[in-house]
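For reference, the structure is listed below as structure tokens.
The values are calculated or read from the model by the stated rules, or taken from the named source; none is laboratory data. This is a predicted model, so every value here is computed, not measured. Backbone-built Cβ (ideal geometry, glycine too); neighbour counts: all protein chains shown. Areas reflect the complete protein model, heavy atoms only, side chains present, ligands, DNA and RNA absent. Shrake-Rupley method; radii C 1.70, N 1.55, O 1.52, S 1.80 Å.
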Amino acid sequence: MNKIRFYLFAAFVLASSCTGGKTVSSQAGDTECSLIANIQSRNLTSLDGEWNYIVDVYETGYRDYRRNPQPVENTFFRDKGYYSSKEELIEYDFDAAPTLSVPGDWNTQKKELYYYEGGVWYRKKFHAEPLPGKRYFIYFGAACYESTAGLNGEILGSHTGGYTPFNYEVTGKLKEDNSLVVLVDNTRRFENVPTVNFDWWNYGGITRSVYLVETPETFIRDYSIGLKKDDSSRIAGWVRLDGPEAIQKVNVAIPGLNVDICVTTDAAGYASFEIPASPDLWCPETPTLYAVSLSSETDKVEDRIGFRTIETKGTEILLNGRPVMLRGISIHEEKPFNAGGRAFSREDALVTLGWAKEMNCNFVRLAHYPHSEETVRAAEEMGLMVWSEIPVYWTIDWNNPATYANARKQLIENITRDKNRANIIIWSVANETPVEAAGRYEFLSGLIGTAREMDGTRLVSAAMEKEEKEGGIMTVNDPDLSRLTDLISFNEYVGWYDGDSDKCTRVKWVFDIQKPVFISEFGGGALAGLHGSARERFTEEYMEDLYRKNIEMLSAIPGFAGCSPWILKDFRSPRRMLTGIQDDYNRKGLISEYGQKKNAFFVMQDWYKALSQQ
Ligand code: GCB
């Protein structure tokens, strides 16, 4: 646990947006997560823009010279500075400090912060005119990795996990002129999720948008609407109110389906409903979304929702009852052009997902952490099915209850935010975790259970690895976990980490379990524009040959249901140190960081076109 949270703000941790460790209630929507759903439908004041920042390498902002944690009035949360009081000894000043753009990572905004890992204080001044009878929240799309927020010198709470949203209630705490101070810390820690070792850039900062949200006193906190599992002629849903007037009539209207019903919430603010309906189903070819409104007596939210079913039968994945081949690609959430750092905007998403569409994909694996809501929604509009993932990656502190609570909380926040997105078909709980590690199976089966309990309408999986047996027989390395998941999904790097491309022609894939086989990663690296023989590593020709041979090999796998090669675009990773070739980039992208398509992109494009016509 972050020291600052432990010493200074222990009391406030309990008040932070989501707490781990409890069980998910059996009543739908009654998770321990207090996230406000569908933030874009709210009355918002954007707090994006330039924020003053102070880099705090030695934790000086909250400790004294003996490293004792300080009371809050002696920390930078107080937002006083030398220039405001020259008589007092004060050695920081946000007003005089430089600025960073929010949203955005700090690593690509300031040269001196490129490799920085540690604490950075952010400060935003904003004006507010709070109205009586309204409630106010500060909502963060994401801050990587840990953050503690304070408003006008008072701590609001802390949040752990770099890729999921959180909010703090500030009703009664707003003034006309406000100072919002946030300490963000991206120090890698062994007990974190992900842990200290991962193959992507540890972008720090307030990486997604920040809003001041206004709601009525009793408001619609959360809702779920989708086709009923096992009965696609009915829409099933629930709504949860938050506030003193818990018992209210709530109208659910979907004009495009002539749906207009009324339910009454109970004393806990909860109501569920079922409505007979036969919507045009969401699918990649026709990603139909219906305008939906939920109106309580005190509040109203609007959304656009798609309806579809997803299930497996034997070795097939069925979308709306019909077999579907997942023509996918894996993606990291980085800006599409010019080595730009962490992406967050709809514009970024449209370019990146546009490349996936150009490749004839119908599916994207949003690796290795929850991507922004903008990305998920853009994919939904574009007809791209989604694999959504939490960063339980490689090694994890499997037997640490706090680590489990952290992973579970990230999963809950992810599902809470995105459960109404029709395009998400798979919740994934892990990537390439070591089978032999004690405590791992219990950890992952707990997460799988949480995902199923919160959302029984989607598939649950994890990216496993392959195992080679005698005589060139290949299979998944984790039959026990494969029994719990809906798919046999694994990463295989035959031709890159495992032999050369010719090996693809010598192996045979065999599975003991009858489930759809999904290859969550395969691939190899090439520097865009580097040409040579198909035997020479990092040339476009090597990568092209590797893709051709993998495609042939995968197509012959019994039960093959799709794949998401690694990866759409070259991405930054400090693990990639080969000068002149990698230069801090993982080069397995089908497209370079400057948007240049490599030969293998076109190999995939042709294959997916052929598959789409079958
Ligand atoms: C993997 C990981 C992915 C890495 C990739 C690689 O198996 O899942 O995060 O980036 O291999 O390039 O080695």
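Checked against the criterion of being touching a strand residue (DSSP E or B) at 6+ places or on another chain (Cβ under 9 Å), closer than 17 Å to T352 by Cβ, more than 15 Å from the ligand (Cβ to nearest atom) and not polar (S, T, N, Q), the candidates K549, K597 yield just one match: K597.
In summary, no strands (runs of 3 or more DSSP E) completely within segment 113-155 bear 3 or more residues that are of a type in the set (K, R) and either in contact with a helix residue (DSSP H, G or I) (Cβ under 9 Å, 6 or more places away or on another chain) or farther than 20 Å from T75 by Cα (or both).
When segment 392-411 is filtered for residues that are surrounded by 24 or more Cβ atoms within 10 Å (Cβ to Cβ) and touching a helix residue (DSSP H, G or I) at 6+ places or on another chain (Cβ under 8 Å), the ones remaining, listed by number, are V392, I396, A407, R408, L411.
Among the residues making up segment 460-488, those that are within 15 Å of the ligand (Cβ to nearest atom) and in a strand (DSSP E or B) are S461, A462, A463, M464, E465, K466, E467, V476. The residues on offer are D48, D30, D95, and the sole one that is closer than 30 Å to T298 by Cα and at pLDDT 95 or above is D48.
Does S445 satisfy being at pLDDT 95 or above and either open to solvent by 10 Å² or more (accessible area, probe 1.4 Å) or in a loop (DSSP other than H, G, I, E, B) (or both)? Criteria met by S445.
Sub-8 Å Cβ pairs linking a first residue in segment 99-123 that is at pLDDT 95 or above to a second residue that is of a type in the set (K, R) and assigned to a loop (DSSP other than H, G, I, E, B), at least 6 apart or interchain, are L100/K110; P103/R208; E117/R188, ordered by first then second residue. If you check S233 against the conditions, is it under 25 Å from the mean Cα position of the chain (by Cα) and closer than 30 Å to A277 by Cα? Taking the combined requirement at face value, the residue does not satisfy it. Looking across W427, W398, W394, one residue alone is in contact (Cβ under 8 Å) with a residue 24 or more places away in the chain, aromatic (F, W, Y) and under 23 Å from P323 (Cα atoms). It is W427. Looking across segment 489-521, the residues that are among the hydrophobic types (A, V, I, L, M, F, W, C) and more than 16 Å from the ligand (Cβ to nearest atom) come down to C504, V507, W509, V510, F511, I513, V517. Only strands (runs of 3 or more DSSP E) whose full extent lies in segment 279-372 are considered here, and the ones with at least 2 residues that are open to solvent by 40 Å² or more (accessible area, probe 1.4 Å) and on the phi < 0 side of the Ramachandran plot are 300-305, 310-313.
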